[in-house]
Amino acid sequence: MRAYVTLLSTMSYLPGVIVLCESLRRVKAGYPLCVAVSSNIPASADELLRQKNLHIIRLPPGIEIPETLKKKSGHWGNTFDKIYLFGLTEFEKLVYLDSDMMVLTNIDELFDKPHMSAVAAGRTVNPHWDRLNSGLMVIEPAPQLTEKIAATLEKAIFQLQLQGHESIGDQDLINAYYPEWPFSKVLHLDEGYNMFYSNMDICVNQHGYYLPDTSGEQARLVRVVHFVGRHKPWMKWAGFRYFFNTLKRRRATKWERTTFGMYNRLLKSVGLVQVS
């Protein structure tokens, strides 16, 4: 079985899951979207997801993370259940997508990519960034793989402390388990598969990326937009926060505004308008 999979680890991300589903439907994805639901999510969410014809996978209780470390990790403290996806052996292959993403064009070709294909997201703007971003990954689940990745927790914490960081997320454990990833170029997907929305204008204006339905080279197509950060476009006052941040940065935001507007239209199409 092959499928797109996303994670619902906090109820505040439910609108994101629904919009992600709609974006995949609109690009005529050839594989279903399944939602991995954390154990802390109430059963009432299951019915809402089933109404959208989404398959639900209930996950076991979360991986044990020191509470002090989890609190310092902010919104990343809720994402450790992502590690469980590596053990979902009912899938031959899955393409994981964060629930704060919007798919702009069909990406079914990712199912032909090897295990752990991902993006060093943000590298176009920050060339020294060479670690994989766990927002989009091609995964071939295997027995005990979840446990093996979880066992890197102490190693990941030590590496982060050496760098002066006090927070940790699922991405740090995955990078600790796959330390060779930065050097395995065959696994590096183009940044268009995981484009930070805040980098849109730099990547379009200076690096030749383009949105679907506009002219440009196929290799530089923005296929998936990732709304990284604590505040998401479905959240209350999202429009105000976005406008304030663009004023503060004092640079062109045409393409950021475009993708933000596209997301808002998807929200409205599924009956949601900044609902949390």
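The values are calculated or read from the model by the stated rules, or taken from the named source; none is laboratory data. As the structure is a computational prediction, the values presented were derived from the model and not from experiment. Please note: Cβ atoms are built from the backbone with ideal geometry, for glycine as well, and neighbour counts cover all protein chains shown. With ligands, DNA and RNA removed, areas are computed over all heavy atoms of the protein, side chains included. Shrake-Rupley method; radii C 1.70, N 1.55, O 1.52, S 1.80 Å.
Report, by residue number, each residue of the stretch 178-202 that is more than 14 Å from the chain's Cα centre (by Cα), in a helix (DSSP H, G or I) and modelled with pLDDT of 95 or more. If the condition is that a residue be more than 14 Å from the chain's Cα centre (by Cα), in a helix (DSSP H, G or I) and modelled with pLDDT of 95 or more, then TRP181, PRO182, PHE183, LYS185, VAL186, LEU187 are the ones that fit. Filtering ASN194, ASN133, ASN126, ASN175 for residues that are without any contact (Cβ under 8 Å) to a residue 12 or more places away in the chain and open to solvent by less than 70 Å² (accessible area, probe 1.4 Å) leaves a single hit, ASN126.
Return the residue satisfying two criteria in turn: it lies in the stretch 252-276 and is within 14 Å of TYR197 (Cα to Cα) and either loosely packed, with under 14 Cβ neighbours inside 10 Å or among the small types (Gly, Ala, Ser) (or both), and of such residues it is modelled with the highest pLDDT. Step by step, filter the stretch 252-276, then rank; the result is GLY261.
If you filter the stretch 31-51 down to residues that are out of contact with any strand residue (DSSP E or B) (no Cβ under 9 Å at 6 or more places or on another chain) and of a type outside the set (A, V, I, L, M), you find that the one that is most open to solvent (accessible area, probe 1.4 Å) is GLN51. Selection over the stretch 150-164 of residues that are farther than 18 Å from PRO182 by Cβ and modelled with pLDDT under 80 gives a count of 3.
Restricting to the stretch 31-55, name every residue that is of a type outside the set (A, V, I, L, M, F, W, C), part of a loop (DSSP other than H, G, I, E, B), out of contact with any Ser or Thr (no Cβ under 9 Å at 6 or more places or on another chain) and more than 22 Å from MET262 (Cβ to Cβ).
TYR31, PRO32, SER39, PRO42, GLN51, ASN53
Every test in (1) in contact with a helix residue (DSSP H, G or I) (Cβ under 9 Å, 6 or more places away or on another chain); (2) open to solvent by 10 Å² or more (accessible area, probe 1.4 Å) is passed by VAL138 save one, and that test is (2).
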